[in-house]
Every structure is written in structure tokens, then in C-alpha cells.
Amino acid sequence: MDDPNAHAQADRGEADRDWVARSLKAVWHPCTQMKHHERLPLVPVARGKGAWLYDREGRRYLDAISSWWVNLFGHANDDINAALKAQLDTLEHAMLAGCTHEGAVELAERLSALTDGTLGHAFFASDGASAVEIALKMSFHYWRNRGRAEKREFVCVANGYHGETIGALGVTDVALFRTAYDPLIRPAHIVASPDARRAEPGESARDVALRALEDVQALFEAQASRIAALIVEPLVQCAAGMAMHDAAYVTGLRKLCDDYDVHLIADEIAVGCGRTGAFFACEPAGIWPDFLCLSKGISGGYLPLSLVLSRDEIYFAFYDDDTARGFLHSHSYTGNPLACRAALATLDLFERDDVLVRNATKAAMLMEALSPLRSHEAVRHLRRTGTIIAFDAAIEGDAARTFSRRFFEHALSRELLLRPIGTTVYLMPPYILDSETIALLASRTCETFDATLADGAR
Ligand SMILES: *Cc1c(COP(=O)(O)O)cnc(C)c1O
């Protein structure tokens, strides 16, 4: 086929159509069955400003999912741009083995301070999945250095997501991403999800959390001597479809991990940096993990950057005259100075603009504006944690199978960039929406939902 995207791009101008056609010839797009683009539009992004992305004809799309959950303060943000431009003229990159630079030092110090000094050592990498791999390797290696090499198994939570590399897939419980690679993967123990939607009649979200903890306790009771770590996405399992749980689950995990000598890894790649209300998602649970993984929003959505923060006790289990007891992991762009500068500028914005307090008001406004959905007969579980809002479409069969793609198209025609996960619609916008844009986002989300239901399955 000459132009596989011809149908979906029919109403675009020539320049945009050309970029789309070239992309479909040359680029293998992520997380996509490419054949779907015979119908599904590919959005040619020419530039971004604030919460909006624009094509060449000036058509605009509200980036209501923060470009896959990474963007916090808008596209082409003036403050982050200025910081990056200055950094570019100072130092673009230097290796972080044998060398150091201001950005890495300051970022490690400031993140440590945000954990009250509890997680005092930052190990840098580039993507979220590599941070997860690092935390898993560090945990295993810690126990080995402590003479307990038999602790080599991992535990993850049902429906949890921790990235797509082979090690990270081992602790990911999303069949669609994982099944094809099962023969390559070292499986982990999977414990019950604390998803509040699983509440039985009369049960609270907290009750579901406590019930899920019993599953962890039973596993630890039987097998903790072989378990190195449990990994969890605190408060919201995002890729599972914004499955939210009570903070009591995370508090309970900390206690069980302490009681049974198991590390707790908090994967805050998606939920960190203010998404759930506090800066770190572990804060409402009143605990700190042994390892905390950060990525996505930490660079403001500008550059690939991830970090694993860990406790002194972990760090000093590697500190030795013997080279092999050290953590000899690395990536070429580890601690890239531009990425660190973007992160420091991002942290500056949190401080300068009192972001967490303002977010609480904005998120409540958005939720209020979506209240017509509360009485919608096809809406289930309208829910919110911090700045993340989601609801489920009560539909079945073909209509459910094609819901996400049809919703995406209807959203685009209403200037919204939204990509439901299965039948879960979610909003995770940047932190900079004004009240007018919040109202627009809410009303058009409702319109999009109705239009998607109305066109049934195709
Ligand atoms: C996105 C994500 C990852 C993987 O990060 P990448 O940068 O895509 O490798 C891991 N864990 C969670 C919870 C995520 O949301």
C-alpha cells in the first residue's frame, strides 16, 4: 500500500500528510500495532507551547496525558528552556565514572533532602526501565554482599507495570506486553492487587488494601528467605488502567518488608514528582522505601533521565576494597548534565510556584467539572488520586475492544490528546492548566465519551 494512513489523514493539509507518510515508512512507533495506523490517525507534531501541541496547519491538541506522563510544566517552558540553554554552553555531557559535575551533585543532594536525608545516595540512568533493573540488581547484590545470596527472588503486585526490558518485564504483570516474551523472562511472585475497585459490598478501599496485605504476609511467611525485594507502584498502578489503592497498603508493605527482611522498591516513575499530591507517592503512607525509582516527570518531560535513590545501609553494603563487591552497572549517558539541569529547573519550579498546593485546587476543579459523568449510565468508578483522574466505560464485546482507538480519534477531533487504556479513560494533564482550559478539557472529555459510545463498534 502506498499510503497506509490515507484514510485517517484524509482531512490533513499536504505538509502534515507528507510527514505522516514518511514516518509510517521510516519509523517503527512504540507500543503500537503499526497496521492500526491504516485507520488510526498519527498526529504530526510541529511544535509545542504550554499544554498544547500544534501541527503545521496550526491545528492544536491539548496534551491531557502529559505526553505519556512526562510533562509537568508544559512544552517549551520558558524557565526550563533558559536553564538548558545556559547548560548547553557550559557542559553538554561528561562521563559520571571518574568525573563528576554540578548538575548530578545538586540533583542528588536535593532529592535526598526531599526524603529528609533517608535516601541519601542517587544512582543515575536514562529510562524508567533501567532504573527498575538497577533497583532489582542492587537488591540482589546487597543480599549477596551480606552473605545471603539465596535471596534472589522478586515479588510484584498483580497488574503492576515496571517497564519493557527483559528484567523489568519479569516484575510486570500486564499480559499484552509480556506473554510473547514469557520464555525469555524470569518470573516473579505475584501478589493480589489492592485496587480499590475490588471492594466487596460494604468494604472500604482500606479494607481491600488490608486484605491484599494478607496475601503478601502469607507469601513472606513461606518464602521470605528466598525473596530479595518487593516492587510496587505506590497509590496508583498507572499502566494497569489507573488502578488506585489506599495508602494503608504501602504502609503495610513497609511493615511486612521490615518484619521479614525483604527490600521495598517504590517505583515512582509515573506517580512521583507530585502526580499523587505529595512530591513522592510514599509520603501519604508515612514511609520511605529502601529503593525509590524516579523518571518521567523528573526532567520536566524534557530529556531521558532516571534515578534510583537508596538508603545508606544499602550503599555501605557495596563499599569495600574488593571491586567486585561494588555496583558495576552503567549506561553511557548516566547523569547527563543537560538532563540534570532540566531536572534542577523542574525542582526550582516546584519551589517557586508552590506547585503541590496549587495542584490540589486545580485537580479538585477538574474533578468537579467532570461531575456530569457521575450520573452517566455508562460510567463506572470515577476516581482521583492527586492530579490523576480516571473512569471506566461500562461496555463489552467489540465496542470495548475498539474503545480506546475510537475514543482517541473522537478526542483528536475535539482538540484533545487522550489515549484510554483499554476501557479506562484517564486525564493526567501538565500542572499548568488555567481554569478556562480545565473547563474545556472536562466538557470535551464528556462529549468525546458520548461520541465514542454513539458510534458503537467498528
Ligand atoms: C513508564 C514506567 C516505567 C518505564 O519507564 P520507561 O522510561 O518507559 O522505560 C516503569 N515503571 C512505571 C510505573 C512506569 O509508569
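The values are calculated or read from the model by the stated rules, or taken from the named source; none is laboratory data. All values derive from a computational prediction rather than experimental measurement. Cβ: placed from backbone, ideal geometry, glycine included. Neighbour counts: every protein chain shown.
Filtering region 282-309 to residues that are buried (at least 24 other Cβ atoms within 10 Å of the Cβ), under 14 Å from Leu235 (Cβ atoms) and in contact with a helix residue (DSSP H, G or I) (Cβ under 8 Å, 6 or more places away or on another chain) leaves Cys282, Pro289.
From the residues in region 198-224 that are exposed (fewer than 13 other Cβ atoms within 10 Å of the Cβ) and in contact (Cβ under 8 Å) with a residue 24 or more places away in the chain, which one is farthest from the chain's Cα centre (by Cα)? Only one residue tops the list, namely Glu221. If only residues of region 142-168 that are aliphatic (A, V, I, L, M) and more than 14 Å from the ligand (Cβ to nearest atom) are counted, the one that is surrounded by the most Cβ atoms within 10 Å (Cβ to Cβ) is Val155. Restricting attention to region 424-457, which residues are under 19 Å from His36 (Cβ atoms) and in contact (Cβ under 8 Å) with a residue 60 or more places away in the chain? Across region 424-457, the qualifying residues are Thr424, Ala457.
Scan region 226-244 and give yes if some residue there is free of Cβ contacts under 8 Å to residues at least 12 places away in the same chain and away from the ligand (no atom under 12 Å from the Cβ), otherwise no. The answer is no, given that none of the residues of region 226-244 is free of Cβ contacts under 8 Å to residues at least 12 places away in the same chain and away from the ligand (no atom under 12 Å from the Cβ). Within region 65-79, none of the residues are more than 16 Å from the ligand (Cβ to nearest atom) and β-branched (Val, Ile, Thr).
Looking for something under 20 Å from the mean Cα position of the chain (by Cα), under 24 Å from Val43 (Cβ atoms) and not assigned by TED's automatic domain parsing to the domain that holds Ala281 - is there at least one such residue anywhere in region 436-445? The answer is no; no qualifying residue exists. Just one of the listed residues (Leu53, Leu107, Leu40) is surrounded by 15 or more Cβ atoms within 10 Å (Cβ to Cβ), in contact (Cβ under 8 Å) with a residue 40 or more places away in the chain and not assigned by TED's automatic domain parsing to the domain that holds Ile421, and it is Leu107. Listed here are the helices (runs of 4 or more DSSP H) enclosed by region 295-382 that have at least 2 residues being touching a residue at least 40 places away in the same chain (Cβ under 8 Å) and within 16 Å of the ligand (Cβ to nearest atom): 337-352.
Taking the residues in region 145-195 that are outside any helix (DSSP H, G or I) and among the hydroxyl-bearing types (Ser, Thr, Tyr) as candidates, determine which candidate is farthest from Tyr315 (Cα to Cα).
The qualifying residue farthest from Tyr315 (Cα to Cα) is Ser193.
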